[in-house]
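Take a look at the structure set out below.
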């Protein structure tokens with residue numbers, strides 16, 4: 001099905017549209033015996049029907065064709081589903097699927113470790129978030145990679161960065177690891193920031209972490225960064241850093257209450273494909 005091709009038809013900008021006031025009701029053929037007139041169908045009704053049907057066809061990834069009267073049926077019978085992808089591999093577009101929605105997170109960075117007395121680590125940086133709706137062809141194979149979790153920093157060491165998640169041309173970078181400090185360390189390394197996303201219609205940088213600090217309980221490691229619409233960062237601590245929450249959350253920095261402690265590990269990335 002496609003839009004009308006006929007004399008006296010108009011472009012969309014000039015098409016009649018629905019009234020903005022009045023009471024929505026049903027049509028009637030009328031009744032001469034009771035003086036009820038038949039409903040006169042205005043042009044906007046036909047426009048609304050054409051718009052609804054052709055939009056459903058286009059949303060299914062099918063190009064409207066006025067000579068094909070099976071398009072709406074095919075659009076309505078297409079498969080619906082989704083699959084989480086937690087390890088790298090390849091995705092084959094299912095039969096009858098012409099559009100997919102992809103949500104993905106990079107791996108969260110590991111938290112920094114505390115090297116001893118008067119030291120603490122900073123939380124890691126969260127993985128980025130990327131989203132897009134892609135037109136696809138059934139049977140197409142799309143390679144993808146899922147970002148690994150950043151490893152926690154041991155006593156006094158930086159945590160490792162999270163891995164980058166990729167699906168075709170979409171990318172969600174992993175977050176950097178958090179800085180650690182040695183015993184007596186008064187200055188913490190810089191927090192470079194969360195992972196960077198690219199290629200999608202929505203690209204959100206992962207959240208960074210704050211610097212570690214000292215309070216009455218001891219030297220406190222800072223909380224890891226949280227991933228947009230994903231996992232939260234590991235909590236701040238005066239001992240071992242907490243693990244980031246899946247997907248994409250960063251590990252918390254280690255604190256020190258007189259001993260050495262490791263930071264928290266980051267959380268792995270994720271790809272979720274819907275159709």
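Any read-out appearing in this document is the output of simple, stated calculations on the displayed coordinates, not a laboratory observation. A quick note: this is a predicted structure, and the numbers were derived from the prediction, not measured. Neighbour counts run over all protein chains shown; Cβ positions are idealised from the backbone, glycine included.
Observations on the structure shown:
- Maximal additional length on extending the residue 77-residue 143 stretch stands at 21.1 nm, based on 0.36 nm per residue less the C-alpha distance.
- For the options 47, 211, 261, a Gaussian network treatment of the chain with springs between C-alpha atoms closer than 10 Å singles out 47 as fluctuating the most.
- Gain on full extension, evaluated as 0.36 nm per residue between residue 28 and residue 58 minus their Cα-Cα distance, stands at 7.6 nm.
- Least to most buried among 122, 256 (fewest other Cβ within 10 Å first): 256, 122
- Helix 43-59 vs. the chain, principal-axis angle (Cα, 0 to 90°, nearest 10): 40 degrees
- Just checking the listed ones, 70, 165, 86: in the Gaussian network model of the chain with Cα springs under 10 Å, the one fluctuating most is 70.
- Computed on region 12-77, with alpha-carbon pairs under 8 angstrom and 6+ residues apart, the relative contact order is 23 percent.
- With contacts taken as Cα pairs under 8 Å at a separation of at least 6 residues, the chain carries a relative contact order of 21 percent.
- Most mobile listed residue (82, 107, 115) in the chain, GNM with C-alpha springs under 10 Å: 82
- Sorting 80, 74 by the number of Cβ atoms found within 10 Å of their own Cβ, with the fewest placed first, yields 80, 74.
- Between region 209-262 and region 44-105, the Cα center-to-center distance that results, in Å: 43 Å
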